[in-house]
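Values in this text are rule-based calculations from the coordinates and carry no lab data. As the structure is a computational prediction, the values presented were derived from the model and not from experiment. Neighbour counts are summed over all protein chains in view; Cβ atoms, including those assigned to glycine, are modelled from backbone coordinates with ideal geometry.
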Amino acid sequence: MYVAPSVLSADFGNLQRDVEEICEAGCDLVHVDVMDGHFVPNLTIGPVVVSSIAKCATKPLDIHLMVQNNTFFVELFAPLKPEYISFHIEEEKHPHRLIQKIRSYGIKPAIVLNPHTPPESVEFLLADLDMVLLMSVNPGFGGQSFIDSVIPKAKRLNALRNKINPNCLIEVDGGVSDKNIHLLKEAGVDIVVAGSYVFKHADKKEAIQSLQI
Ligand code: DX5
Ligand code: ZN
């Protein structure tokens, strides 16, 4: 299991310290939550701060867009060369076109599904995707409780991607901890995002390793 700590739970007064700490502690990716105050009722960071994160991160960035105008934000973040850019299918009229655009920058495209969105909604996009991110909380805030229905949903998505595109990874975001990591692993999940669990832990290395099962 790969682990992507979410910097949303970092101390923004000591962002460089916290980003360096999770990278040194052995995380696999650095998860960056971009919120615009429209798609979700919260506002986070833009390209100025994300470029500072990119400079001090020694692990690749996993940018999660929670915004209304996806194309605008993809163009804004593409020069930072993240490993992944993921966008919400609920907010995109032309997901296939946007996948191609992200890939044209040499970035891996990913689609995010809110808790209510069925895994079959990406069936005809799976062949072109590098990752599907399943939200296990409602997007917008760190520190929420894990929504259990993501487990059967991940199992259904796992069956679908094994059939259509086994190279497409499954990521889960929200409320992830050592309490649900084994269920996620069994369901076929490849990457977990963990914000509060990692950042509230006194020993970040121990926290990250407890999820890398
Ligand atoms: C929520 C974000 C998550 C969040 C996860 O909208 O997408 O990445 O930071 O935080 P925890 O792990 O605390 O639920
Ligand atoms: Zn996220």
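Annotations
- With the simple spin-label model, which puts each label point 7 Å out from Cα in the Cβ direction, the His94 to Asn69 separation comes to 1.5 nm.
- Restricting the GluC sites (Glu not before Pro) of the stretch 109-213 to loop positions (DSSP other than H, G, I, E, B) with no more than 14 neighbouring Cβ atoms within 10 Å leaves Glu123.
- Shown for Asp128, Asp28, Asp148: other C-beta atoms within 10 Å of each C-beta, ranked fewest to most, produce the order Asp148, Asp128, Asp28.
- Here the extension length gained between Glu120 and Asn167 equals 15.2 nm, from 0.36 nm per residue of separation less the Cα-Cα distance.
- Within a straight-line Cα-Cα reach of under 19 Å, Lys179 can be paired with the following aspartates and glutamates, leaving aside sequence neighbours fewer than 8 residues apart in one chain: Asp148, Glu171, Asp190, Asp203, Glu206.
- 11 Å cut-off, amide nitrogen to a point 7 angstrom out along Ile213 Cα→Cβ, residues in the stretch 175-192: 177-187
- Global form of the stretch 57-149, assessed from the alpha-carbon gyration tensor, a/c cut-off 1.5: oblate
- Under 15 Å from a label point set 7 Å out along the Cα-to-Cβ vector of Asp203, the amide N atoms of the stretch 1-38 belong to 25-26.
- Sequence of Ile170, Ile151 once ranked by neighbouring C-beta atoms within 10 Å, starting from the fewest: Ile151, Ile170
- Derived scalar couplings ³J(HN,Hα) [the stretch 12-29; Karplus, 6.51 cos²θ - 1.76 cosθ + 1.60; whole Hz; x for Gly, Pro]: 5, x, 9, 4, 4, 4, 5, 5, 5, 5, 5, 5, 5, 6, x, 5, 9, 9
- The stretch 142-213 versus the stretch 8-43: alpha-carbon centroid distance in Å: 17 Å
- Each DSSP beta bridge with both residues in the stretch 1-77 is either parallel or antiparallel, and the antiparallel ones are about 10%.
- Every helix of 4 or more DSSP H residues in the chain counts as -39500 (n - 2.57), and over all residues that averages to -9500 deg cm²/dmol at 222 nm.
- Looking at the stretch 2-211, the DSSP beta bridges with both ends there are about 5 percent antiparallel.
- Among Lys155, Lys93, Lys55, the residue with the largest mean-square fluctuation in a Gaussian network model of the chain, with springs joining Cα atoms closer than 10 Å, is Lys93.
- Each Lys or Arg adds one and each Asp or Glu takes one away; over the other residues whose Cβ falls under 12 Å from the Cβ of Ile99, this sums to +1.
- In terms of Cα atoms, the Rg and Dmax of the chain work out to 15.7, 46 Å.
- GNM result for the chain, Cα springs below 10 Å: residue of Lys101, Lys163, Lys185 fluctuating most strongly: Lys163
- Taking Asp36, Asp203, Asp190 in turn, the Gaussian network model of the chain (Cα-Cα springs below 10 Å) assigns the largest fluctuation to Asp203.
- Environment charge of Gly26, counting only residues whose C-beta is closer than 14 Å and scoring Lys/Arg +1, Asp/Glu -1: -3
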